[in-house]
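J.: The following block contains the structure, expressed as structure tokens.
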Amino acid sequence: MDEFVGQLVMFFENSNRNGLALMAISILFYLAAFHLILFFKNKEKYFLHYSTYAFVNAVALIGRPYESFLKDIYFTFPEFFRLSITPLQFISFIVFSYFLIEILRLKSYYPKFIHFYKGYTVFISLIYAIFFLGVFFWDGYDLMRKFYFFVFMPITLIFTLIGIFLIVRTNEKVKAPILYGFLAIGIAAFLFGFLAAEKDTVITDRYFYILYLGILIENFFFTYALALKQRVIFDQKIKIQKELMLRFKENDDLRTQLNQQLQHQILQKEEKIIELESDAESERMSRIKALYEREITELHLRSLRSQMNPHFIFNALNSIKVFLIDKEKDRAILYLNRFSKLIRLVLESSRKTKITLGEELEISQLYISLESIRFEKGIEFNMDIARDVRLNEIELPPLVLQPFFENSIWHGLMNIAGEKRINVQLEKNEKGHLLSIRDNGIGRKASQEINSKRTVKKESIGMTLSKERLELFNQNELVHYHFEVIDHEKNNSESSGTEVIFWLETSY
């Protein structure tokens, strides 16, 4: 037993010669490459930070293994490795702290402190860069090392203690393996420093195995933390998908039930009209018939709205699905919250036969803000309302404008690069009000050409439904609402967008 222990101790003390050091460095290079690939695939910043952290540590240790090809590399560029050892350690501390901020989502827990810390890292990095450049322009190597050991390291120790305290207070599932890895490398660094302090190179070389073991244990826990983080993200995405499917099913069931009730009510009213036509006197019959026809018109309006709402909600849910596919969890949650508010407004408006133009524009503006999130630079939405216009005094069918905003986005703006813009202008005229909705998209002609080349063609029914709803609304409210679609062109016959003009006339 004593002989085995002695051989094991001898093996560890010769770590720079027997392959242990080479193994540790090789693992670091492998982890750096592997997590860099994961970063390009998942676009998560903590993969990039961890890849950089592993790579920097591997380069810092490249001159340690004896009798290996790494030693040949070291002696080929000895001056580079001599000057870079302290800067690499500096970079290692900074990158590691950014790795912790991202994987533990510390910014969401302590936004002010993280903002201050990032400002500090930028400032201290600029100062250190000046000292590093001094190595080449004046004899500043010793000054650079003194700044590192007597300024940067004490401040880093303070931030480390604060960071450990803040990490313990978070509710992240990955904090346990992170702290274990932190503890492993901390103990290893302390033991190595204690045993090798003020010792010559021969003695120091014997204790490097402590660092190698600490690095291996640390990276085991960090790799486990990264795997656990991916599992947490996957579970959250599945949960969001289930919630979306449940809400979509509830809305579909509600739509089906509402349509059935409306159709039943329409049949009942029509039957009553037929009965009254055969029994009532002609003058009395005319008045009663007009009353029931008015009720039927209102029921038709509600039926058309019930057909439009699911069409509109489906497009919004499809936008959320895009974020889930792209693994943009935070933006999906933001989109879902706004979508819930929009659903509430839509359901409230569905109970009414008419709403104010102010309410309609609020729903449309919220819809555009949701669609705008899907574009990299968003959609610029401008409203120019004349001062003498009172939005709460203008009434119209609920969601009658939404299909036109939807067409502007899906058929016009979706297919252009650069700035995307929708302008709304409202002013008074002699007969009522004039409302203009204009975009800077590709125009209807180009959109139809693109749609004709698709295997699955997107058929827009919103404009047809809006026209039918306005006709019924005109009959019911004795107004004259109608619209016209205009294609604008530049001097060279190139499209400069599409404009929809609504005449909201209160009299013929």
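The values are calculated or read from the model by the stated rules, or taken from the named source; none is laboratory data. Please read all numbers here as calculations on a predicted model, not as lab measurements. No Cβ is skipped: glycine too gets one built from the backbone with ideal geometry, and neighbour counts run over all protein chains shown.
J.: Could you grab me the full set of residues in the range 395-441 that are in a loop (DSSP other than H, G, I, E, B), under 21 Å from Lys490 (Cβ atoms) and among the aliphatic types (A, V, I, L, M)? Reasoning before the result, please.
T.: Taking the range 395-441 and keeping what is in a loop (DSSP other than H, G, I, E, B), we get 397-401, 416-420, 429-431, 440-441.
Among the residues that remain, those that are also under 21 Å from Lys490 (Cβ atoms) are: 416-420, 440-441.
Ile416, Ala417 - these are the residues of the range 395-441 that are in a loop (DSSP other than H, G, I, E, B), under 21 Å from Lys490 (Cβ atoms) and among the aliphatic types (A, V, I, L, M).
J.: I'm checking my understanding of the structure. Among residues of the range 442-456 that are in a loop (DSSP other than H, G, I, E, B), modelled with pLDDT under 80 and closer than 26 Å to Gly418 by Cβ, which one is farthest from the chain's Cα centre (by Cα)? Reasoning before the result, please.
T.: If we filter the range 442-456 for residues that are in a loop (DSSP other than H, G, I, E, B), which is where we start, we get 442, 453-456.
Filter once more, keeping what is modelled with pLDDT under 80: 453-456.
Right, trim to closer than 26 Å to Gly418 by Cβ and you get 453-454.
Values: Lys453: 31, Arg454: 28 Å.
Here the answer is Lys453.
J.: Could you tell me which of the residues Leu133, Leu126, Leu83, Leu70 is surrounded by fewer than 18 Cβ atoms within 10 Å (Cβ to Cβ), assigned to a helix (DSSP H, G or I) and touching a residue at least 12 places away in the same chain (Cβ under 8 Å)? Full working, then the answer.
T.: Working: Leu133 fails: touching a residue at least 12 places away in the same chain (Cβ under 8 Å); Leu126 fails: touching a residue at least 12 places away in the same chain (Cβ under 8 Å); Leu70 fails: surrounded by fewer than 18 Cβ atoms within 10 Å (Cβ to Cβ).
Within the list Leu133, Leu126, Leu83, Leu70, the selection yields Leu83.
J.: For the range 479-508, enumerate the residues that are more than 19 Å from Leu435 (Cα to Cα) and at pLDDT 80 or above.
T.: Glu489 - this is the single residue of the range 479-508 that is more than 19 Å from Leu435 (Cα to Cα) and at pLDDT 80 or above.
J.: Moving on to the next point. Sort out which residues of the range 76-108 are of a type in the set (Ser, Thr, Tyr) and in contact with a His (Cβ under 6 Å, 6 or more places away or on another chain), and write them in order of number. Full working, then the answer.
T.: Just the residues of the range 76-108 that are of a type in the set (Ser, Thr, Tyr), to begin with: 76, 84, 86, 92, 97-98, 108.
The one that is of a type in the set (Ser, Thr, Tyr) and in contact with a His (Cβ under 6 Å, 6 or more places away or on another chain): Tyr98.
J.: All but one of (1) under 28 Å from Ile233 (Cβ atoms); (2) in contact (Cβ under 8 Å) with a residue 12 or more places away in the chain hold for Phe116; which doesn't?
T.: (2)
J.: To continue, here is another question. Please go through (1) modelled with pLDDT under 80; (2) part of a helix (DSSP H, G or I) for Arg231 and return the number of the only condition it doesn't satisfy.
T.: The one condition Arg231 does not meet is (1).
J.: Let me confirm something: among Glu328, Glu371, Glu348, Glu275, which residue is surrounded by 15 or more Cβ atoms within 10 Å (Cβ to Cβ) and either outside the structural domain of Leu396 (by TED's automatic domain parsing) or modelled with pLDDT of 75 or more (or both)?
T.: Working: Glu328 fails: either outside the structural domain of Leu396 (by TED's automatic domain parsing) or modelled with pLDDT of 75 or more (or both); Glu348 fails: surrounded by 15 or more Cβ atoms within 10 Å (Cβ to Cβ); Glu275 fails: surrounded by 15 or more Cβ atoms within 10 Å (Cβ to Cβ).
So the residue among Glu328, Glu371, Glu348, Glu275 that is surrounded by 15 or more Cβ atoms within 10 Å (Cβ to Cβ) and either outside the structural domain of Leu396 (by TED's automatic domain parsing) or modelled with pLDDT of 75 or more (or both) is Glu371.
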